[in-house]
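Please read the structure below before turning to the comments.
The values are calculated or read from the model by the stated rules, or taken from the named source; none is laboratory data. All figures in this text were calculated on a predicted structure; none of them were measured in a lab. As a convention, Cβ positions derive from the backbone with ideal geometry for all residues, glycine included, and neighbour counts pool all protein chains shown. Accessible surface is based on the protein model in full, side chains and every heavy atom, while ligands, DNA and RNA are left aside. Shrake-Rupley method; radii C 1.70, N 1.55, O 1.52, S 1.80 Å.
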Amino acid sequence: MFDERNKANAQHSTGPTTEEGKATSARNSIKHGIFAQATTLLPDESQEVYDGSLQGWLAACNPFNEPEKEFVRQLVDLNWRMRRVSRFETKILSAETPDFKALNTISLHGARIRKQISAAMKDFRDLHRQNTALRENTLQKAMRVHQADLIRNRPSTVAAAGFVFTLDELDHAIQLEEHLQQSRDIVDEHQDELDEAEEYVEVVNTSDFEIIPGEYDDNLLDRWMPSKDKAA
């Protein structure tokens, strides 16, 4: 009988079922927004600042595709929540009577967010590294197809071969590769001259110089310092 009663009670405590209720639950503790599962801007937070942070992260991480962009958005949200932790820690400590219990709770959640940031960054880097290697390998193949088309003076077969690079991208990649190869050839050709020149480069060591003159006046510094009468 007790088991049946427990099962019945459990059915009444499964959490919100409506979309509105779920959204409200996701924005729990909205007064500080630290525990919220989704980043919802608080009234005193700027959408412009948030968008600027997002654009900065996108520019720095240079995601290749939507899955990578999603990782970047997660990182931005987590860092935004981490800012809230810092703000509320400061607010608590600035109070006349600090609530150390609340401070401990906030600090624990801050530590959890930092772990989430570290994990999300690792996942992004692993995915980005894989995509970078795959893109470079695919780019090299597409470049060869494009070069063959140019040599044969035939219409481009890049798209037909399944590559998504534009011809401008391939032209730029080929020119960059040729430029780098020419630079390597120039350096290799003059390597002996560079090695010989390095033999004459002397590293300046400041310990070789006499910073303090031999006839240094120990009282000189005292004369530079203002007297107590002048300071008063």
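Net charge within 14 Å of L134 by Cβ-Cβ distance, Lys/Arg positive one each and Asp/Glu negative one each, not counting L134 itself? If you can, show how the numbers build up before the last one.
Values: positive: R129, R135, K141; negative: E68, D126, E136.
Counting the neighbours of L134, the net charge comes to 0.
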| query | From the phi of every residue in segment 57-67, what ³J(HN,Hα) in whole Hz does the Karplus formula 6.51 cos²θ - 1.76 cosθ + 1.60 yield, where θ is phi - 60° and glycine or proline is x? | reply | 5, 5, 5, 6, 8, 6, x, 7, 9, 5, x
| query | With every protein chain present, what accessible area does K122 have (1.4 Å probe, heavy atoms only), rounded to the nearest 10 Å²? | reply | 120
| Can you list the HN-Hα couplings for segment 105-111, worked out from phi with the Karplus curve (6.51, -1.76, 1.60; θ = phi - 60°), rounded to whole Hz and with x for Gly and Pro? | 5, 4, 5, 5, 5, x, 5
| How far apart, in nm, are two points set 7 Å out from the Cα along the Cα-to-Cβ line at L194 and at L150? | 2.6
